[in-house]
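Just below is one structure, and these are the notes that go with it.
The values are calculated or read from the model by the stated rules, or taken from the named source; none is laboratory data. Being a predicted model, the structure only gives us computed values, none of them experimental. Quick reminder, even Gly has a Cβ in these numbers, built from the backbone with ideal geometry, and neighbours come from all protein chains shown.
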Amino acid sequence: MAQRLHRSTRTVEKWMRSGRLPYLKIGHAVMFHWASVVKHLNENYQQCQRPQPGLSRRKQRAVLSGGEEATAPADQNQQAKPSQADN
């Protein structure tokens, strides 16, 4: 289970004790039903969105709160340089 969740064995044990992961214990054997684990995690926890590259923290917060679109680059102070063909 630890490998599937990309966590350490110790973390999985802590999650079991705290009720974050559903499991079955038969004697000394601990078993997990993967579909039940995924369902439990999806119902009780939310997945965070990864930051979008190229956006400032302010713009990322605005996008996540439903404000601005995520199309502008982080550094808007860069002005277009005239090309040599314009000279």
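Within the stretch 10-23, how many residues turn out to be in a helix (DSSP H, G or I), surrounded by 10 or more Cβ atoms within 10 Å (Cβ to Cβ) and either in contact with a helix residue (DSSP H, G or I) (Cβ under 7 Å, 6 or more places away or on another chain) or of a type in the set (Ser, Thr, Tyr) (or both)? Walk me through it before giving the result.
Of the residues in the stretch 10-23, the ones in a helix (DSSP H, G or I) are 10-18.
In the following step, the residues that additionally are surrounded by 10 or more Cβ atoms within 10 Å (Cβ to Cβ) were identified as 11-16.
Still in the list and also either in contact with a helix residue (DSSP H, G or I) (Cβ under 7 Å, 6 or more places away or on another chain) or of a type in the set (Ser, Thr, Tyr) (or both): 11-12.
Selection size over the stretch 10-23: 2.
Can you tell me which residue is surrounded by the most Cβ atoms within 10 Å (Cβ to Cβ) among those in the stretch 34-87 that are at pLDDT 55 or above and charged (D, E, K, R)?
Restricting to residues being at pLDDT 55 or above and charged (D, E, K, R), the top hit is LYS59.
Give all pairs with beta carbons closer than 7 Å in which a residue from the stretch 1-30 that is closer than 19 Å to GLU43 by Cβ meets a residue that is part of a loop (DSSP other than H, G, I, E, B) and modelled with pLDDT under 95; count only pairs at least 6 apart in sequence or on separate chains.
Short answer, once both residue conditions are applied: MET1/PHE32; VAL12/MET1; VAL12/LEU21; TRP15/LEU21; MET16/TYR23; TYR23/PHE32.
In the stretch 11-57, how many are basic (Lys, Arg) and over 21 Å from the mean Cα position of the chain (by Cα)?
From the stretch 11-57, those basic (Lys, Arg) are 14, 17, 20, 25, 39, 50, 57; that's our starting set.
Then keep just the ones that are over 21 Å from the mean Cα position of the chain (by Cα); that gives 17, 25.
Residues flagged as basic (Lys, Arg) and over 21 Å from the mean Cα position of the chain (by Cα) within the stretch 11-57 amount to 2.
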